[in-house]
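The values are calculated or read from the model by the stated rules, or taken from the named source; none is laboratory data. No experiment lies behind these values; they were computed from the predicted model shown. Neighbour counts are summed over all protein chains in view; Cβ atoms, including those assigned to glycine, are modelled from backbone coordinates with ideal geometry. Each accessible area value is taken on the protein alone, full model and side chains, heavy atoms only, with ligands, DNA and RNA left out. Shrake-Rupley method; radii C 1.70, N 1.55, O 1.52, S 1.80 Å.
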Amino acid sequence: MVQLSAHNASLLRQELAARNRVYARGHAHVESYGSAPVIVYSPEGNHHGNFFDPSYAAILANPAWARRLAKIHAQANRSLPKTDRRWCELDSSTSSDALLMNIFCAPGVAGSIAVRNALGIDEDSELDFGWKARVPLANGRFDRTEVDLRFGSLLIEAKLTESNFQTRAAAIVEGYRDLDVVFDRDLLPRAQLPPRRWRSQSEFPEDYSQEGESLVSPDAEPIPDLPLRFTLADAGAAGYSGYQLIRNVLAAYATNSCFCVVHDARRPDLREEWFRVLSAVKLAALRVRLKVITWQELAALLPEDLQDFLAVKYGIAAPGRPAVSMDNDSDPLA
């Protein structure tokens, strides 16, 4: 499963790199270092090569959304050329957060009845990107990790080229208050933790951007017997795979919310990993609030110009609609 996930993620990164080398013509951009370079864009006034123009205009007009653009690129110091401007994660053509904002910040999408029906959202709700879920811990405190998007009563985890849903030490996962209420822990996917290693000059910040997040809220006093940071333990130590899924299901339970994974149809490995965690949920009333949808299925509900953008830049096309073929002679969005 791990090898399949890495293979599928690598293939999708390669496709996005090829597409964006063509798409980036005429946009300010650089390529990352390493054996698998990725296109990374920089803003140009009111435009940004990584964003659909109407979405980017809406983001700049909303201070809460615009703050999301400043999320630091986790590998910038090693993988990208030095510039006067600090590189940010949403500059990357492989950023799932940028894809999420490209779609949901586009005018008319969040209010679309078709989109709301597909996601099971009834009320007129605001979009809250990077929402702090404050999932309860067994010690009475809360974690401070982020949910990619809270859309009314729906929590969304967005995936694109991420290798997996991350692995965490058993002590961290078992430190959540409601773990045994929500899950049969014997059915949760287990894994040995990978060894610590020096990061190579590759541009995959989406795999590492949450590793340094604190387990507890910043105002909490240190607890001697509880790990305070998400770190990789000694190689071979017991852990849980699908950590982000486990945490977000617990967030949905604690806040009486729904939870949806949005992934690319070219990544069936991510859906399989989600189903493994879903099968461990004990509460029937919670299971019916847990969902999955692909970017391709979502694309079918979007405005035509946004569909064109996604088909060219990401190769994301609605079912039955072919993705645009890209080569060096292509005219993007012609």
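Taking GluC sites (Glu not before Pro) across the range 117-172, the ones in a DSSP loop with at most 10 further Cβ atoms lying within 10 angstrom of their Cβ are Glu123, Glu126. In terms of its C-alpha gyration tensor, the range 248-334 comes out prolate, because a/c is 1.5 or above and the ratio a/b outweighs b/c.
If you stretched the chain out fully between Ala138 and Arg190, how much longer would it get, using 0.36 nm times the residue separation minus the C-alpha to C-alpha distance? Don't skip to the end; give the middle numbers.
On the way: separation 52, 0.36 × 52 = 18.72 nm, distance 2.06 nm.
Between Ala138 and Arg190, full extension yields an extra 16.7 nm.
Amide H contacts for Arg190 (H built 1.01 Å from N in the peptide plane; partners 5 or more residues away or on another chain; cut-off under 5 Å): Ser241. Fully extending the segment from Ser10 to Val288, taken as 0.36 nm per residue of separation minus the present Cα-Cα distance, adds 96.8 nm. With all protein chains kept in place, the per residue accessible area of the range 9-90 amounts to 47 square angstrom at a probe of 1.4 angstrom.
Sparsely packed loop sites in the range 271-324 (the trypsin sites (Lys or Arg not before Pro) outside DSSP H, G, I, E and B with at most 15 other Cβ atoms within 10 Å) comprise Lys282.
Need one word for the range 37-153: rounded, prolate or oblate. Basis is the Cα gyration tensor (sqrt eigenvalues a ≥ b ≥ c); a/c below 1.5 gives rounded, then a/b vs b/c decides. Walk me through the intermediate numbers first.
On the way: a/c = 2.33, a/b = 1.22, b/c = 1.91.
Here the range 37-153 falls in the oblate category.
Converting phi to 3J(HN,Hα) with the Karplus coefficients 6.51, -1.76 and 1.60 and the offset θ = phi - 60°, the range 88-95 yields 10, 4, 6, 6, 7, 5, 9, 6 Hz in sequence order, with x at every glycine or proline. Return the subset of Lys159/Lys313; Lys132/Lys313; Lys82/Lys159; Lys71/Lys132 for which the Cα-Cα distance in this structure is over 25 Å, preserving the input order. Too far apart for the 25 Å limit: Lys132/Lys313; Lys82/Lys159.
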